Structures are given as structure tokens and as C-alpha cells.
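Shown next, in C-alpha cells, is the structure this report addresses.
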Amino acid sequence: MPEIRRVAILDDYQRTAHRYAAWDSLPEGTQLTCFSEYLGGIEEVVAALRPFDVVVAMRERTPFPAEVLDQLPNLRLLVTTGPANAAIDTAAAARQGIVVSGTRPAGLTSTAELTWGLLHALTRSLPAEDRNLRAGGWQQTVGRDLHGARLGVIGLGNVGSRVAQVGVAFGMDVVAWSAHLDPGHAKKMGVTPASKQELLTTSDVVTLHVRLSPRTVGLIGAAELALMRPDTLLINTSRAPVVDEQALLAALHAGTLGGAALDVHFTEPLPTDSPWRSAPRTVLAPHLGYVTADAYETFYRDALGDILAYAAGAPIRVLTTP
């Protein structure tokens with residue numbers, strides 16, 4: 001049976017990983033280390049993780065390209081929370097004899113819920129009003145109604161469908177587009193299929209819910225932003241590279257876009273000198289989409305199950321190269 005000696009849990013920012021699984025059920029003598037700070041670049045990741053034979057990664061917070069995996073000679077099992085992880089080079093892992101296991105999906109409903117939290121925060125200027133009120137002020141902004149407004153949903157999968165259904169419940173005119181949109185599925189929810197151009201030019205709010213892939217990188221670039229009205233709001237709880245970062249910053253500073261609410265960022269954690277910290281008409285969240293107790297319980301319990309199964313010589317939920 002494979003011997004488990006040292007297990008690392010990465011990016012436990014809230015220091016809560018120990019709450020959500022019975023880690024004391026690991027094989028006797030196993031040393032468990034939780035890293036609560038982001039490790040950094042390739043050199044820092046390799047230096048910190050070289051002693052470990054098992055690593056538990058939280059989604060794509062820490063990338064594992066070939067350059068990292070090739071320098072971790074002790075690593076035998078890499079667990080990622082979620083059923084897939086675009087930041088892990090599974091082919092390189094296979095070459096090194098590293099088993100990559102995933103967990104059940106979680107955070108789909110929580111991401112949809114956060115999308116609406118960000119949308120409300122943006123349309124009603126809640127962060128600014130909160131700061132003003134605490135400083136002794138009173139009303140200083142005028143909000144926007146959602147009822148009757150057009151919501152453009154890009155990507156009508158698990159998360160996008162949930163977001164669209166809430167929009168319908170709010171009395172919004174909901175339209176949707178994706179490269180492989182099922183018109184029948186959309187219409188059953190009261191959502192109108194639209195072309196990408198129609199969605200961008202007519203929507204009051206555009207919200208993104210697509211998977212990151214070579215096809216979706218830069219899906220919203222300068223040309224797409226130019227199609228939107230100056231009062232259009234953009235919500236991204238998907239992945240940062242879906243939007244051209246520099247083009248979005250330019251549109252916000254130029255006033256050609258009404259605002260943006262972002263839960264995902266090109267560099268995470270967001271650097272202290274990031275231009276996003278001073279970007280106008282924005283609401284920012286630190287990638288909270290899947291950060292809920294229910295999602296963490298699923299992730300960490302399944303991660304523990306993956307480790308125990310590996311230790312018993314029968315790995316489960318093994319991810320292979322696409």
C-alpha cells in the first residue's frame with residue numbers, strides 16, 4: 001500500500017480547512033500542514049512543497065504546470081477540489097507518476113447567488129453608501145431598477161441558468177447567448193436566445209458564466225466592450241481571462257461602460273498595487289463564488305476520501321488528460 005507521510009493543504013486563507021473534514025482519520029503518523037498564505041511563484045511553490053507526498057489544492061488558486069510538478073520528486077497524489085482543474089498539467093503529472101484526484105462539484109448555487117449580490121451592490125452603490133453612512137453621511141447615490149431591464153446572460157450552463165431564472169423572477173427581460181446555446185432549454189426558462197452582438201448592444205446588465213478554455217479567453221475584448229452602451233454593467237464571476245483586462249480598465253476610465261463587478265482577477269490574491277484597487281465604478285470581491293460552508297464541506301470531505309482511497313491502493317475520482 002502507498003505510504004502517506006506528509007500532507008499539505010494549500011491556500012487555506014480563512015484557516016478553516018480543519019473544520020470541514022475528519023483529518024484525524026489520516027493514517028497514523030501522517031503529518032498535516034495547512035498553508036494559510038499564498039505560496040507565490042514557481043520557486044516558492046517548489047521550495048514549500050518539495051517534502052510532501054500529498055498536496056490538496058483549492059481549485060485553481062495555485063497552478064501546477066509541468067515546471068512545478070517536475071521539481072516535486074516526493075509528490076505522489078495531487079488532489080484538487082472540484083471535478084476538474086485547468087491549472088494542473090495532468091499530462092505532466094502522469095509522466096511523473098503522480099495521481100491527480102478531484103472531488104464532487106460544489107459552489108454552483110453559491111456562485112449564482114454571489115452574482116446577484118454583486119449585481120445589487122453595483123446597481124444600488126451599496127459599498128459606497130455603506131462607507132458614506134459610517135462616515136456620518138446619508139443618501140448620496142440614485143440606484144437603478146432591475147424590473148423591466150434587460151439581463152444578458154453569456155453561458156447558460158449550471159450557473160448561468162440559475163442566474164437567468166432569478167432574473168426572470170425579478171421581472172427582467174432575460175436574453176442569453178453561448179456558442180452552443182440550446183434554444184429549447186432557454187425558452188423553457190423564459191429566456192430569449194439572442195446573438196452575441198444583440199445581447200451586448202441591448203442589455204442593461206451583461207453577466208458571464210462560461211468555462212475557461214482557449215475558445216473563451218478574451219471572449220469580451222475591446223470590440224465587444226465598444227458594442228455596449230455607456231450605462232451597461234458587466235458582471236464576471238466566471239474566470240478573469242474571459243475578459244480583456246486592459247480593455248475593461250480602459251473602458252471604465254473612459255466612461256464608456258457603466259460599471260463592473262468582478263469576483264475573479266488575473267492575479268490572485270490581488271496585488272496591493274493592482275490598478276483594480278482604484279478603478280472607477282467597480283465592485284470587487286476576492287473570488288468568493290464557491291467560498292461557502294457547504295461547498296467547503298464537500299470539497300474537504302471528498303479530498304480526505306481521495307487520500308484515504310489512495311492510501312488503501314485504490315485511488316478514486318482520478319482525473320486524466322483530456
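The values are calculated or read from the model by the stated rules, or taken from the named source; none is laboratory data. All values reported here derive from a predicted model rather than from experimental measurement. Note that each Cβ is placed from the backbone with ideal geometry, even for glycine, and that neighbours are counted across all protein chains shown. Heavy atoms of the whole protein, side chains included, go into the accessibility calculation; ligands, DNA and RNA do not. Shrake-Rupley method; radii C 1.70, N 1.55, O 1.52, S 1.80 Å.
In segment 232-322, carbon and sulfur make up what percent of the accessible area (probe 1.4 Å)? Its accessible area is 56 percent carbon and sulfur atoms. Across all Cα pairs in segment 84-173, the calculated P(r) in 5 Å bins from zero up to the longest distance comes to 3, 11, 15, 15, 11, 11, 11, 8, 6, 5, 3, 2, 0 percent per bin. Per residue, the convex hull spanned by the Cα atoms of segment 8-126 amounts to 133 cubic angstrom. Between Ala250 and Leu270, the contour length at 0.36 nm per residue exceeds the Cα-Cα span by 5.3 nm.
Each helix, a run of at least 4 DSSP H residues, gives -39500 (n - 2.57); summed and divided by the residues of the chain, these come to -9000 deg cm²/dmol at 222 nm.
Nearest 0.05, what FRET efficiency do Ser213 and Arg95 give at R0 = 30 Å with Cβ-Cβ as r? Using R0 = 30 Å, I get an efficiency of 0.85. When the Cα positions of Val264, Trp276, Val291 are compared along the charge dipole of segment 243-305, Trp276 comes out farthest toward the positive end, with charges on each C-beta of Lys, Arg, Asp and Glu. With the highest mean first, a sort of the peptides 109-118, 36-45, 225-234 on other beta-carbon atoms found within 10 angstrom per residue produces 109-118, 225-234, 36-45. Stokes-Einstein diffusion for the chain, with the hydrodynamic radius set to the Kirkwood value over Cα pairs and evaluated at 10 °C in a medium of 1.306 mPa s, equals 75 µm²/s. Within the chain, the whole DSSP H helices whose Cα atoms reach 15 Å or more along their own axis and whose mean Kyte-Doolittle score is at least 0.0 are 108-123, 158-169, 293-311.
Relative contact order, whole percent, for segment 189-283 stands at 27, derived from Cα pairs under 8 Å and 6 or more residues apart. Ordering 252-259, 152-159, 59-66 by mean Cβ neighbour count within 10 Å, with the highest value first, yields 152-159, 59-66, 252-259.
With a/c under 1.5 counting as rounded, go ahead and sort segment 177-307 into rounded, prolate or oblate using the C-alpha gyration tensor (a ≥ b ≥ c being the square roots of the eigenvalues; past the cut-off, prolate if a/b is larger than b/c, else oblate).
oblate
Using C-alpha pairs under 8 Å with a sequence gap of at least 6, the mean separation divided by the residue count of segment 1-152 gives a relative contact order of 17 percent.
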